[in-house]
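The block underneath contains the structure these notes are about, expressed in structure tokens.
The values are calculated or read from the model by the stated rules, or taken from the named source; none is laboratory data. Bear in mind the structure is a predicted one, so any value in this text is a computation, not a measurement. Cβ placement follows ideal geometry from the backbone for every residue including glycine, while neighbour counts extend to all protein chains displayed. To get the accessible areas, we keep the full protein, side chains included, count just its heavy atoms, and leave off ligands, DNA and RNA. Shrake-Rupley method; radii C 1.70, N 1.55, O 1.52, S 1.80 Å.
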Amino acid sequence: MQDPLQTALRIGASGLEAQSRRLRVVTENLANAQSTGKTPGSDPYTRKVVTFENELDEAMDANVVKVASIERHRSPYRLEHNPGHPAADQNGYVKMPNVDIMAEVADMHEANRSYEANLQVIKQAREMISMTIDMMRNG
Amino acid sequence: MTAIYLFNVVSRHNQWLAVRQSTIASNVANANTPGYKALDVDPFEKVLESTRLAMQATRLGHMIDGGAKAAAIEARKSEPWETSHSGNSVSLEQELINAGDVNRAYRLNTGIAKAFHRMLLASAKA
């Protein structure tokens, strides 16, 4: 059986990991917001989204979080009229990625907020551990 | 000399607080998991009542070492402040307030235990 404070640290760490993976995916989306295909009519970069799920860690008896999957977003691509573009189809339209910068930035802020909250919990659990250790010092 | 239960109460309370902290940690970690319902532990009074200081074994694993005792403290659904569209009922603000409470109580407990320990030592030295 695990010490509950150690468990708290582990759970917090799983939260940090999940949120940083999310931030990584957001960065990927933002970086590829203008990535088109190379051949006429080909598909551009597709926006990715992370999904989270909670998992009961049997050994720790704790609800850790993990990234369930990184999926492609199903919204349609934007069409832009640009006949000279290598990826333009016969009507002169280029498929642009379905990345919405606003949504990505909002997602980034949420990931940031959740990351900070996890960090705060870890900090407090550490403090509690050191308070226990401090009891051994004769004051 | 009458038995001093203080150390017992303090350690049990700290045990309870530690379990609460790990529950808070799992709520915060799952703050963005769809369908996750926030958990909280039973109030300490209830845990204390059910164990009554004499530490009756009301559940399997009560009297064994530290960790097993913690498992006996049951988590239950907490009353949520908000529930988002995804069915997640974790409110980060609420969790951080709870974490602050836990921290403060833990500090108080360790402080009391230390002070009491000093008193016992003083009487032993005299």
### Task
Can you sort B:SER22, A:SER20 by 1.4 Å-probe accessible area, starting with the largest?
A:SER20, B:SER22
### Residue-averaged [θ]222 nm for the protein assembly as shown, counting only DSSP H segments that reach four residues, each worth -39500 (n - 2.57)
-18000 deg cm²/dmol
### Task
Take the range A:1-136, compute every pairwise Cα distance, and split them into 5 Å bins from 0; I just need the percent in each bin.
2, 10, 15, 14, 13, 10, 9, 7, 6, 5, 4, 3, 2, 1, 0, 0
### Summary
Phi angles of the range B:117-126, converted by Karplus (6.51 cos²θ - 1.76 cosθ + 1.60, θ = phi - 60°) into ³J(HN,Hα) in whole Hz with x for Gly and Pro, give 4, 4, 4, 4, 4, 4, 6, 5, 6, 5
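Whenever you get a sec, line up B:TYR36, A:TYR77 from highest to lowest accessible area (probe 1.4 Å, protein heavy atoms). Kindly include the intermediate steps, with their values, before the conclusion.
On the way: B:TYR36 10, A:TYR77 65 Å².
Solvent-accessible surface, decreasing: A:TYR77, B:TYR36.
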### Task
Could you state the angle between the C-alpha long axis of helix A:4-31 and the longest principal axis of the C-alpha atoms of chain A, as a value from 0 to 90 degrees rounded to the nearest 10?
20
### Residues of chain A: accessible area per residue with a 1.4 Å probe, Å²
59
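May I ask you to order A:31-41, A:90-100 by the average number of other C-beta atoms within 10 Å around their residues, highest value first? Write out the running numbers ahead of the final one.
Values: A:31-41: 13.1, A:90-100: 17.1.
Ranked by mean Cβ neighbours within 10 Å, highest first: A:90-100, A:31-41.
If you count the DSSP beta bridges with both ends in the range A:4-132, what percent of them are antiparallel, to the nearest 5?
Antiparallel: roughly 100 percent of the beta bridges in the range A:4-132.
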### Query
Between A:VAL105 and A:GLN6, what is the FRET efficiency for a Förster distance of 35 Å, r being their Cβ-Cβ separation, to the nearest 0.05?
0.45
### Task
Report, by chain and number, residues whose modeled amide H sits under 5 Å from the one on A:HIS73, excluding near sequence neighbours (fewer than 5 apart, same chain).
A:ARG47, A:LYS48, A:VAL49
### Query
Helix A:101-134 sits at what angle to the longest principal axis of chain A, using alpha carbons and giving 0 to 90 degrees rounded to 10?
10
### Message
Through the Karplus equation 6.51 cos²θ - 1.76 cosθ + 1.60, θ set to phi - 60°, convert the phi angles of the range B:21-30 into ³J(HN,Hα) values in whole Hz; use x for Gly and Pro.
### Response
4, 6, 5, 4, 4, 6, 5, 5, 4, 9
### Query
How fast does the range A:18-78 diffuse by Stokes-Einstein, in µm²/s, taking the Kirkwood radius from C-alpha pairs at 10 °C and 1.306 mPa s?
117
### Query
Using modelled backbone amide H atoms (1.01 Å from N, in-plane), which distant-in-sequence or interchain residues come within less than 5 Å of A:ALA62's amide H?
A:ASP57
### Query
Which whole number gives the average count of other chain Cβ atoms within 10 Å of the Cβ atoms across peptide B:13-21?
4
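Any idea what % of Cα-Cα pairs in the protein assembly as shown are farther than 36 Å?
34
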### Task
Per residue of A:109-122, count partner chain C-beta atoms within 10 Å of its C-beta, then hand back the mean as an integer.
4
### Query
If we sort A:62-71, B:26-35 on the protection proxy, mean other Cβ atoms within 10 Å, highest first, what's the order?
B:26-35, A:62-71
### Message
List the residues, sorted by chain then number, that are 5 or more residues from A:MET96 or on another chain and whose placed amide H is less than 5 Å from its amide H.
### Response
A:ARG78, A:LEU79, A:GLU80
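Taking beta carbons within 10 Å but only from partner chains, what does the mean come to for residues B:106-115?
4
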